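**Student:** The structure follows.
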Amino acid sequence: MVVTLWQQPVSRLTLSNGELHIWYADLDVSPEVLERLEQTLAEDEYKRAVQFVHLQSKRRYVAARGILRNILAQYIQQAPEAIQFVYNAYGKPSVSPNRQQLEFNLAHSVNVGVYAFTIGQRVGIDVEFVQALDEQEQMAQKILSQEEYIVFSQLPPDEKVMFFYQHWTRKEAMMKALGVDFSDLKLPVDKLNTLQLIELKVTPGYSGALATEHLPDEIRFLKWTST
């Protein structure tokens, strides 16, 4: 597991081959910051935002997308609102045009957003708030492979929760790196051996994982702030 020490970024960000930048953001931003972030969204992002029933979920979605644009703008030297995304068949975004071969991925759960950036190789990231679920057994049967479920079923109750979330986040990160849907989540983690997996301790109460094609030469852990 990588224990993360989030640092403030330098004034000018650069990302080189072999580097991996992982960002953390608190999505519960002030109304003033939220308004600024919302103004950078594209029409399709705004339409998605207004579909949320719960106001807090809408605000966190807006913050997550706005922060993504804010960070990307620092890497590609472009205004956040001018960034254009294209999506693959399963909804994984990339910037267009992509002259720098910048690859990125994002995930958010409750008020925590995480973002991964690298050059020239696929990357996927996931984070989940850890809590006991009423339907945990049913979800475990859907997500875990047969071998993993046997191990899961033999664990004491207090260990089942973390086992479930660790495997869930690992598999989601790998599927997102591959840019495919999640129908193959039941594949054992060790069968997805085309990817390198990094387990992340994002912040207390959360489980996180990152998948990439090659282990990076250097990892930087950065914290996003509105100033």
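Readers should treat all values here as calculations from the given coordinates under stated rules, not as data from a laboratory. Keep in mind the model is a prediction, meaning the values are calculated, not measured. All Cβ positions, even for glycine, are placed from backbone atoms using ideal geometry, and neighbour counts span all protein chains on display.
**Student:** If each DSSP helix of 4+ residues adds -39,500 (n - 2.57) and the sum is divided by the residues in the chain, what number results at 222 nm, nearest 500 deg cm²/dmol? All intermediate terms of the calculation are to be shown ahead of the outcome.
**Tutor:** On the way: 6 runs with 76 residues, N = 227.
Calculated at 222 nm, the ellipticity per residue is -10500 deg cm²/dmol.
**Student:** Amide H neighbours of Val130 under 5 Å, at least 5 residues apart or on other chains, H built in the peptide plane: list them.
**Tutor:** The list, which skips near neighbours in sequence, is Tyr206, Ser207.
**Student:** A follow-up question, please. I'd like the projected area of the chain, averaged over all directions, using the convex hull of its alpha carbons. Report it in nm² with one decimal.
**Tutor:** Computing the convex hull of the Cα atoms and averaging its projections yields 12.7 nm².
**Student:** Could you run the Karplus curve 6.51 cos²θ - 1.76 cosθ + 1.60 with θ = phi - 60° over region 207-220 and give me ³J(HN,Hα) per residue in whole Hz, x for Gly and Pro?
**Tutor:** With the stated coefficients, region 207-220 comes to 10, x, 8, 9, 10, 8, 6, 9, 5, x, 6, 8, 10, 10 Hz.
**Student:** Moving to a separate point now. GNM on the chain, C-alpha springs below 10 Å: top fluctuator among Val50, Val29, Val202?
**Tutor:** Most flexible of the set in this elastic network: Val50.
**Student:** Tell me the Kirkwood radius of region 1-86: reciprocal of the mean inverse pair distance over distinct alpha-carbon atoms, in Å.
**Tutor:** Result for region 1-86 stands at 14.3 Å.
**Student:** Using Cβ counts within 10 Å as a stand-in for footprinting exposure, how do Tyr115, Tyr87, Tyr61 rank, fewest first?
**Tutor:** Values: Tyr115 22, Tyr87 12, Tyr61 19.
Starting with the residue having the fewest Cβ neighbours, the order is Tyr87, Tyr61, Tyr115.
**Student:** Could you work out how far helix 55-76 tilts from the main Cα principal axis of the chain, as a 0 to 90 degree angle to the nearest 10?
**Tutor:** So the inclination is approximately 60 degrees.
**Student:** In whole Hz, with x marking every Gly and Pro, tabulate ³J(HN,Hα) for region 144-157 from phi via Karplus 6.51 cos²θ - 1.76 cosθ + 1.60, θ = phi - 60°.
**Tutor:** 7, 5, 4, 5, 5, 5, 4, 4, 4, 5, 8, 7, x, x
**Student:** Here's a follow-up. Can you classify region 65-110 as rounded, prolate or oblate using the Cα gyration tensor, where a ≥ b ≥ c are the square roots of its eigenvalues, rounded means a/c under 1.5, and otherwise it's prolate if a/b beats b/c and oblate if not? Walk me through the intermediate numbers first.
**Tutor:** On the way: a/c = 1.81, a/b = 1.14, b/c = 1.59.
Oblate, because a/c is 1.5 or more while a/b does not exceed b/c.
**Student:** Relative contact order of the chain: what whole-number percent is it, with Cα pairs under 8 angstrom and at least 6 residues apart? Please list the in-between numbers first.
**Tutor:** Numbers: 403 pairs, mean separation 65.6, N = 227.
This gives 29 percent for the chain.
**Student:** Report, in debye and to the nearest 20, how large the dipole of the chain comes out about its Cα centre when Lys and Arg carry +1 and Asp and Glu carry -1 on their Cβ.
**Tutor:** Details: 22 positive and 28 negative charges, 107 e Å.
Dipole about the Cα centre, nearest 20: 520 debye.
**Student:** A follow-up question, please. Mind putting a number on the dipole of region 7-103 about its Cα centre? Charges go on the C-beta only, +1 for Lys and Arg and -1 for Asp and Glu, and I need it in Debye to the nearest 20.
**Tutor:** On the way: 11 positive and 11 negative charges, 30 e Å.
With Lys and Arg at +1 and Asp and Glu at -1, about 140 debye.
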